[in-house]
1. Out of all the residues in the stretch D:260-295, which are touching a helix residue (DSSP H, G or I) at 6+ places or on another chain (Cβ under 7 Å) and aromatic (Phe, Trp, Tyr)?
2. Is it fair to say C:Ala172 is in contact with a strand residue (DSSP E or B) (Cβ under 6 Å, 6 or more places away or on another chain) and crowded, with 19+ Cβ neighbours inside 10 Å?
3. State whether one or more residues within the stretch B:246-261 are facing another protein chain (nearest Cβ under 10 Å) and not polar (S, T, N, Q).
4. Find the residue count for the stretch C:181-195, including only residues that are more than 10 Å from chain D (Cβ to nearest Cβ) and in contact (Cβ under 8 Å) with a residue 12 or more places away in the chain.
5. Say we look at the stretch C:94-121 and pick out the residues that are of a type in the set (A, V, I, L, M) and surrounded by fewer than 21 Cβ atoms within 10 Å (Cβ to Cβ); which of these is farthest from the chain's Cα centre (by Cα)?
6. Restricted to the stretch C:5-34, and to residues that are within 13 Å of C:Gly328 (Cα to Cα) and charged (D, E, K, R), which residue is nearest to the chain's Cα centre (by Cα)?
7. Go through the stretch D:224-237 residue by residue and tally those that are touching a Lys or Arg at 6+ places or on another chain (Cβ under 8 Å) and facing another protein chain (nearest Cβ under 7 Å).
4 protein chains.
Amino acid sequence: MVRIGILGATGAVGQRLIQLLDPHPDFEIAALTASPDSAGKPYRQAAKWRADSPIPANVADIEVVETAPAAIPDDVPLLFSSLPSSVGAEVEPTLAEAGYVVSSNSSNARMDPDVPLVIPEVNPDHVDVLEVQRDERGWDGALLKNPNCSTITMTPTLAALDEFGLESVTVATLQAVSGAGYSGVTSMEIIDNAVPHIGGEERKMESESRKLLGSFDGAEIELHGMDVAASCNRIPTLDGHLENVWAETRETVTPDEAAAAMAAYPSAPLPSSPEEFIHVFEEPDRPQPRLDRNLGNGMAVSAGGFRATSDGIQYNCLAHNTIRGAAGASVLNGELLVEEGWV
Amino acid sequence: MVRIGILGATGAVGQRLIQLLDPHPDFEIAALTASPDSAGKPYRQAAKWRADSPIPANVADIEVVETAPAAIPDDVPLLFSSLPSSVGAEVEPTLAEAGYVVSSNSSNARMDPDVPLVIPEVNPDHVDVLEVQRDERGWDGALLKNPNCSTITMTPTLAALDEFGLESVTVATLQAVSGAGYSGVTSMEIIDNAVPHIGGEERKMESESRKLLGSFDGAEIELHGMDVAASCNRIPTLDGHLENVWAETRETVTPDEAAAAMAAYPSAPLPSSPEEFIHVFEEPDRPQPRLDRNLGNGMAVSAGGFRATSDGIQYNCLAHNTIRGAAGASVLNGELLVEEGWV
Amino acid sequence: MVRIGILGATGAVGQRLIQLLDPHPDFEIAALTASPDSAGKPYRQAAKWRADSPIPANVADIEVVETAPAAIPDDVPLLFSSLPSSVGAEVEPTLAEAGYVVSSNSSNARMDPDVPLVIPEVNPDHVDVLEVQRDERGWDGALLKNPNCSTITMTPTLAALDEFGLESVTVATLQAVSGAGYSGVTSMEIIDNAVPHIGGEERKMESESRKLLGSFDGAEIELHGMDVAASCNRIPTLDGHLENVWAETRETVTPDEAAAAMAAYPSAPLPSSPEEFIHVFEEPDRPQPRLDRNLGNGMAVSAGGFRATSDGIQYNCLAHNTIRGAAGASVLNGELLVEEGWV
Amino acid sequence: MVRIGILGATGAVGQRLIQLLDPHPDFEIAALTASPDSAGKPYRQAAKWRADSPIPANVADIEVVETAPAAIPDDVPLLFSSLPSSVGAEVEPTLAEAGYVVSSNSSNARMDPDVPLVIPEVNPDHVDVLEVQRDERGWDGALLKNPNCSTITMTPTLAALDEFGLESVTVATLQAVSGAGYSGVTSMEIIDNAVPHIGGEERKMESESRKLLGSFDGAEIELHGMDVAASCNRIPTLDGHLENVWAETRETVTPDEAAAAMAAYPSAPLPSSPEEFIHVFEEPDRPQPRLDRNLGNGMAVSAGGFRATSDGIQYNCLAHNTIRGAAGASVLNGELLVEEGWV
């Protein structure tokens, strides 16, 4: 069992991490960090627990510590980070320098050339960017990122289509409120409403997807050449990002071929990777957030509604934004880091 | 005052028509039709009134009649139709043949070459297709249509952009539940959910928009050559369709030029046309359904979120789907028919 | 394994029954009935499956039969009924006469003196009313009912309080839309709204609770003498009925004593009965529908918010309305019928 | 025209006050206060305006000042306060001492014996408590309060019933999210959920209602002797508090008599008082928040669902919580203060 720590353990993604990590076949929760206010308190007291299952008994009594190298035991080699990005930007490099391997969901540093941005089923080879990172930064530890939730939702389906030569992607998202954290969207903002803008999200989708599908030659990652245009909307759903995608490819691809490519796209041999990575629906009105977000314990992506357009195809895809799109993504990256010998 | 009738007066759009027509400066409600079950009953009894204002007193006691030429008084020259499309397909031609002028919201016959499909601020000249219609069908009356609600929402903004030469349009809709009628979407379907498919809606948007922006040479309407790809989603909002649009034009257009073209697009000199036809927001997170659907008494369209893409622009637009997108659209077409001397 | 049948298997409660019965330690689904339209079709085709888990593979291919004695195999002794009450009223007696034991969720016949109305943790001894039923009706089979969902939610908490001598109960319900069936509440009715009336529900709560807490002397059930006044509201939640209760008792009871009585109230030794029957929350803002409806796999009841009033106590309680309040209630009654030797 | 000021003008109730006061027949907005951060900025910049109508042009450019006597012009005799209660507790007495008449919606000081708590249609005579207040406190100005939103909703109906001698009231509320302010309820808390507890609200309803219906003998207010037990729930509605009430009276009252007493209860001769104060519905499923909250421009109360119980009656009532229950209540009290010569 690898002893692991959770950075930012009291937040919404932190709580999801605890749900996913207790129990876990290979990991054991050994440290929980939060802001200085919470340090010294047992977790049950530090966190306002809002999940629909109780706090795991093992975790409830762990004493929360500050998010700093000195506060985290040395025998906890792997840290999962769900810190606010400004905090992450400050503390994650310090921790990596101090020798910890950090699998982070925070948005800082995702596009840094020497920081791998990874979905294990899509670009596991990018993990080796860590060699460049260690060379350049002189770190004993490492910092690896997963992409943002709306990017994770569509990228597996794009990876499956890339055998036809992706040239351009247009995507509209219908994102759940949990993506903004527990208090990110007020009820007055969103009941009987939708908000056609999520600050910074469009740009993340447009850049992170190109890095994920980019090629790594051992020295640097070349971004994928496709053109991506995203429009991001918040709607009154709790969990599950639904996305409408239009893709143009160099080679002609029919809706059936696109669906088949996705259904055949392999999963990864890791504990949290679902048996069926991309579930393809035949029903034109699926996937739907409430019905389909929990496929593969929330770690599967699903797709449906394939149609031909004049110069490509359109389809819809969906993933659970706080599991596959955040906490589960970090856990999976942690599993990959162990598998590849980085921990 | 023109005496008018409402076909399908007990349904959701029928109820909106009554709200918009009582009072109205030029029209007086003189006949209400519904299915045979309701015929003979006073309206207050025939309709399950669900609006958030009471039934107008004048209307409550009108005796509902069947939707048939024999049942509608001869001195009611103008009829507004919100019949189910299968009923409309059967009865609207009969009424037009019998001499009534029908301004219809029903989806049947919208793409028939000799049936004008009109938004008065966009293509008022198409009304003259009625001459062809009378020639060909030998009708004394006339049948004119407004487009479907999701098409009406985007088409004014496209009309404003067409001075730059529209080549392709990609659109994702976030549609309100009222678009499906009072009982069209169950609560179990849509609470904490979204449905990425609305049967037939994509095709309507793709064809109707090309007819609306098409050119009429006095003999026939040539569809606009632009390519349209639509993806339609139902979300948990009550009223107001929000749409994400990507447009490519022959001439380069900047986001500012696009916004300016929309803001400058003229309204029509008709009673129900709003002073400001297209309201342009500077805030990137507007328009929003609940906040902006009632602009111009629900008859304005609004737009915002303009951004450049690699080969065009993207923006968002919104309109009230049961006012501008349905009942109000029919009323406005009725006003145009009177103005142009067809009634 | 007891071979069982489900009457009305395509409806919302029917689908829940399938989820709860496949797999089940003692029962094996052997027959599914539905309306004549569906008879002859495989279940996967007959039902519009809307649950968030797929149809169990064993069940998908079962051929649906009509809801009639002749259509149901003789070696299926136990039937779970979720028929519309008008259908239930007609067909359930026929089936019981033909020798089947029917555990029914339908609302017909619940107050018939010789029909046991049972919550196994509350009044298991009422099952023996079946002897009276067989005597009087000459049936080989039997008909047993579970109460309606809003009654089931509060009755366990009242049973726990009855040691103090219940005299009067006032209850306001906040009921989920699933209680009305899949299409029972339209989205236009309930989004941004609440409906302070559910036809017949108040009367059911007021009478069924008195039967459940009534005493059975071997010959007949004497209704409990308490006075019950209910007010029933529909709100925009999917599952889980929340209820505010005020109870007056002969002996004074403090909030702490009430909470302790509920926490100590025993569960039943049946497969579907939860380990902890009534979960008592200390937090004043719990139970909440979304957070707490799945306690005990949806079979637990929860309570909280205990306060003293001038002449009694008030508190809140909650249960999952389609599991504990409907399908799960019938399954549990089936388990009791087997345990007691009626099947 | 009386020049008035709004204390806490940028908040949710402050924005409602602006909507209700511009235009207003007797009042002219002359001062807007907010926290020190906002002081010096034009209102359009200081406030994040979220109403569904634009900021009135007159108001948009007013320079916001601090909430302090020195900052408010002397020729602004009447102030409407929607300050957070902790701020109100500090600053309202200072303003009243300095000579301003303050009509306040803030919850501080509502139960102080020398502070009138008033609904003009219910207890206008309580305004004269201000004489006691001036005597005791030596103020040149005055401080008058309206009750909290859930209390305002039920109290008019109780006032109508009091002719039968109210003895006890049990009430369950279904409250809208706007009652907690714009950011008071997060979307994660309330979508597909309900919260059976609103801190302090039960106690407010139980005490404020007794003060409102209390008698004032010129020297002090004697609280009404009725017993009130409240249970407060937050549900996913935007505006409009719905309440289930059970009332016991000394004299027997039938449902019809109760309804008639409410329908006959008079309104007040003030500009913002609705023509029909209490609207009584015959339909058993009304009032409903979305359909009925805007009756009388949001200033009417409505009631329905009358039923006899064993020892009294039960019914439902509703009012718009941020208009009749907050901003409108303060405006109405301001009108009463002018009418009675206190301004």
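1. Result: D:Tyr265, D:Phe277.
2. Values: in contact with a strand residue (DSSP E or B) (Cβ under 6 Å, 6 or more places away or on another chain): yes; crowded, with 19+ Cβ neighbours inside 10 Å: yes.
Yes: the conditions hold for C:Ala172.
3. In the first step, residues of the stretch B:246-261 are kept if they are facing another protein chain (nearest Cβ under 10 Å); the result is B:246.
Add one more test, that the residue is not polar (S, T, N, Q), and what stays is B:246.
Yes, because at least one residue in the stretch B:246-261 is facing another protein chain (nearest Cβ under 10 Å) and not polar (S, T, N, Q).
4. Pass one, the stretch C:181-195, residues more than 10 Å from chain D (Cβ to nearest Cβ): C:181-187.
This time we only want the ones that are in contact (Cβ under 8 Å) with a residue 12 or more places away in the chain, so: C:181-182, C:185.
Result for the stretch C:181-195: 3.
5. Initial filter on the stretch C:94-121 (of a type in the set (A, V, I, L, M)): C:95-96, C:98, C:101-102, C:109, C:111, C:115, C:117-119.
So of that shortlist, the ones also surrounded by fewer than 21 Cβ atoms within 10 Å (Cβ to Cβ) come out as C:98, C:109, C:111.
On the way: C:Ala98: 25, C:Ala109: 14, C:Met111: 14 Å.
So the residue we want is C:Ala98.
6. Per the stated criteria, the residue is C:Arg16.
7. Count: 1.
Okay, residues lined up against (1) touching a helix residue (DSSP H, G or I) at 6+ places or on another chain (Cβ under 8 Å); (2) closer than 17 Å to D:Pro147 by Cα; (3) of a type in the set (D, E, K, R):
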{"site": "D:Ile4", "(1), (2), (3)": "yes, no, no"}
{"site": "D:Gln45", "(1), (2), (3)": "no, no, no"}
{"site": "D:Ile72", "(1), (2), (3)": "yes, no, no"}
{"site": "D:Phe80", "(1), (2), (3)": "yes, yes, no"}
{"site": "D:Ala89", "(1), (2), (3)": "no, yes, no"}
{"site": "D:Thr94", "(1), (2), (3)": "yes, no, no"}
{"site": "D:Ala98", "(1), (2), (3)": "yes, no, no"}
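The values are calculated or read from the model by the stated rules, or taken from the named source; none is laboratory data. Everything quoted here is computed from the prediction, not taken from an experiment. Glycine gets a Cβ as well: all are built from the backbone with ideal geometry, and neighbour counts include every protein chain shown.
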